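Enquirer: Pasting a structure below so you can have a look.
Taken together, the values in this text are just the output of simple stated rules run on the coordinates, not laboratory data. The structure displayed is predicted, hence computed values, not measured ones. Positions of Cβ are generated from backbone atoms using ideal geometry, with glycine treated the same way; all protein chains shown enter the neighbour counts.
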Amino acid sequence: MRILMLTQWFDPEHTMKGLMFARALTREGHDVEVITGFPNYPGGKVYPGYRIKLFQREQIDGVRILRVALYPSHDASAVGRVLNYVSFAASASFLGTLLTRRPDVIYVYHPPLTAGLAAIAVGALKRAPFVYDVQDLWPDTLGATGMVGNARVLRAVDRLARWVYQRAAFVVAQSPGFRQALASRGVPESKLDVIYNWCDEDQLHLEHNPGIAKDLAAGERFNVVFAGTMGKAQGLESVLRAAQLLAERGSGAQFVFVGGGVELASLKARAERSGLTNVRFLPRMPMAEIGQVLEAADVLLVHLRDDPLFEITIPGKLQAYMAVGKPVLVAVRGDAADLIEASRGGATCEPEDAVGLADAVGKLEAMEPDALKEMGDRGKRYYESELSIRSGVPHFIRIFETVVARGRS
């Protein structure tokens, strides 16, 4: 098959369904072409070696990549985000139609809605169906993260999203909860399925780094690591309150935050005001280096705000945490917690509950090292059998083949 991937974010930006997915499809004998933007996520600054221009062609491992112009932005400004998304959708619709070959099927990844609108335009002119991989529910995500608060705008986005779903040949949901939500919005069961996300497995080859281990006081501190974006959706103020409670109890636990985000400065200031000596902040770093931090961790933390949307969301970091074989503490209700409980690869607690989080960390800290290792190993085995790219790619190929066969008939 000729498969056209349409995604605003692609390598060297960190993405779960980027070059690794394209390579996997080419290894299965498929011809893959990509429409994407110039890399600027998550900081909103164009990556070194690139500059914004009308378009640019690349080829990596047999995968043809067309980069199209966009407005680079990913800050707290709603206007900047909207311009970022809309500019890519416009460029992808126009240039993607002109400069790519006709595919058998279009795979649409991210961001939600605007990439879908581009797929409708490209698909109509190329006479090709598209498969819509829904990673965020709009307008739900816009409201939950505080990006958009205007009720009229949210209703308009909801109507537009439903219109895109109707025009997709098939819709892939990232979790059972997403599937249920999409079905309630009119997506027929006959064109709806769940494929769990995988992580960037190529970047998670862990090597022990004595410098990082020493820096985190491995062996003296019980390191609870949170790696990733620190924004409003993560609700990390509760984690700082849990750190204070643990310090008052005389615990040896230490919370280590790795990454950046719009809330980072606020979290640092709050930790300093509270005199928290059991909280560390490490800068954003490449995945290979993050892997070394994860290797030095005792427990890996997933935390999101207490919001109904997040009950059906499985954060991308959960798969990476499970893949590295460390116990995972999930402070999220719903599908993410269900995965950890099914795998027996960690523990769960309520979101935005500082006392519950402190209690959960205390119980894990009290476990024997061998028991913690076995917990992490169980999570890794579950990831490899149910969530890995080895499991997901054949599922996607079956869907692509079904959609192409339907179109030909």
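Enquirer: Compare the Cα positions of PHE130, LEU19, ALA271 along the charge dipole of the chain (+1 at Cβ of Lys, Arg; -1 at Cβ of Asp, Glu; about the Cα centre) and return the one farthest towards the positive end.
Expert: PHE130
Enquirer: For the range 336-409, what does the alpha-carbon gyration tensor say about shape, rounded, prolate or oblate, given a ≥ b ≥ c as the root eigenvalues, a/c under 1.5 as rounded, and a/b over b/c as prolate?
Expert: Judged from the Cα gyration tensor, the range 336-409 comes out oblate (a/c at least 1.5, b/c at or above a/b).
Enquirer: Could I ask something else about it? For GLN254, what is the net charge nearby, where nearby means another residue's Cβ is under 11 Å from its Cβ and Lys, Arg count +1, Asp, Glu -1?
Expert: Here the count lands on -1.
Enquirer: Take the cross-link list LYS45/LYS373; LYS53/LYS268; LYS191/LYS326; LYS53/LYS191; LYS17/LYS191; LYS17/LYS326 and give me the ones stretching past 30 Å between alpha-carbons.
Expert: Correct reply: LYS45/LYS373; LYS53/LYS268; LYS191/LYS326; LYS53/LYS191.
Enquirer: In addition: Based on the Cβ-Cβ distance from GLU237 to ALA156, what FRET efficiency comes out when R0 is 41 Å, to the nearest 0.05?
Expert: For GLU237 and ALA156, the calculated efficiency is 0.85.
Enquirer: Rounded, prolate or oblate: pick one for the range 116-188, where a ≥ b ≥ c are the square roots of the eigenvalues of its C-alpha gyration tensor, a/c under 1.5 means rounded, and failing that, prolate if a/b is larger than b/c, else oblate.
Expert: oblate
Enquirer: So if I place +1 on the C-beta of Lys and Arg and -1 on the C-beta of Asp and Glu, and nothing else carries charge, what would the dipole magnitude of the chain be about its Cα centre? I want it in debye, nearest 20.
Expert: Dipole magnitude for the chain comes out near 1820 debye.
Enquirer: By average Cβ neighbour count within 10 Å, what is the ranking of 307-317, 58-68 from highest down?
Expert: 307-317, 58-68
Enquirer: Among HIS395, HIS303, which comes first, second and so on when ranked by fewest other beta-carbon atoms within 10 Å?
Expert: HIS395, HIS303
Enquirer: Sticking with this one: Add +1 for every Lys or Arg and -1 for every Asp or Glu among the other residues with Cβ under 13 Å from the Cβ of ARG162, and state the total.
Expert: +2
Enquirer: If you find the alpha carbon centre of the range 243-273 and of the range 121-196, how far apart are they in angstrom?
Expert: 36 Å
Enquirer: Now for a different question. Amide H of ALA347 versus every other amide H placed in the peptide plane: which residues, excluding those fewer than 5 positions away on the same chain, fall under 5 Å?
Expert: Residues meeting the criterion, in which the H sits 1.01 Å from N, are VAL328, LEU329, VAL330.
Enquirer: Could you tell me which of ALA337, GLY379, ILE52 has its Cα farthest along the dipole of the chain towards the positive end, charges placed at Cβ (Lys, Arg +1; Asp, Glu -1), taken about the Cα centre?
Expert: Farthest towards the positive end: ILE52.
Enquirer: I would also like to ask the following. First check a/c for the range 42-118, with a ≥ b ≥ c the square roots of the eigenvalues of its C-alpha gyration tensor; if it is under 1.5, answer rounded, and if not, answer prolate when a/b is larger than b/c or oblate otherwise.
Expert: Judged from the Cα gyration tensor, the range 42-118 comes out oblate (a/c at least 1.5, b/c at or above a/b).
Enquirer: Pairwise over distinct Cα atoms, reciprocal of the mean inverse distance: report the Kirkwood radius of the range 254-382 in Å, one decimal place.
Expert: With all distinct Cα pairs of the range 254-382 included, I get 15.3 Å.
Enquirer: Step through the residues of the range 184-199 one at a time and calculate ³J(HN,Hα) from phi using the Karplus curve (6.51 cos²θ - 1.76 cosθ + 1.60, θ = phi - 60°), rounding each to whole Hz and writing x for Gly and Pro.
Expert: Going residue by residue, I get 5, 9, x, 6, x, 4, 5, 10, 9, 8, 10, 10, 5, 5, 10, 10 Hz, with x marking Gly and Pro.
Enquirer: Could you put ASP133, ASP370, ASP193, ASP202 in order, starting from the residue whose Cβ has the fewest other Cβ atoms within 10 Å?
Expert: Listed from fewest to most nearby Cβ atoms, that is ASP370, ASP202, ASP193, ASP133.
Enquirer: Using the Cα centre as the reference, give the magnitude of the dipole from point charges on the C-beta atoms of the range 202-386 (Lys, Arg: +1; Asp, Glu: -1; all else neutral), rounded to the nearest 20 debye.
Expert: About 480 debye.
Enquirer: What per residue convex hull volume, in Å³, do the alpha-carbon atoms of the chain yield?
Expert: Expressed per residue, the convex hull around the Cα atoms of the chain is 135 Å³.
Enquirer: On to the next question. Largest first, please: the extent of the C-alpha atoms of the range 1-63 along each principal axis, to the nearest Å.
Expert: For the range 1-63, the Cα spread along each principal axis is 35, 23, 17 Å.
Enquirer: For the range 56-98, how big is the tail of P(r) above 11 Å, as a whole percent of Cα pairs?
Expert: 66 percent
Enquirer: So how far, in whole Å, is the C-alpha centre of the range 51-120 from the one of the range 289-317?
Expert: Result: 28 Å between the Cα centres.
Enquirer: Taking neighbour counts of Cβ atoms within 10 Å as a proxy for exposure, in what order, fewest first, do GLU220, GLU13, GLU341 appear?
Expert: Sorted ascending by nearby Cβ count, the order is GLU220, GLU341, GLU13.
Enquirer: Quick check on the range 1-130: what does the Kirkwood estimate of hydrodynamic radius come out to from the alpha carbon pairs, in Å?
Expert: Taking the inverse mean of 1/r over all distinct Cα pairs, the range 1-130 comes out at 14.4 Å.
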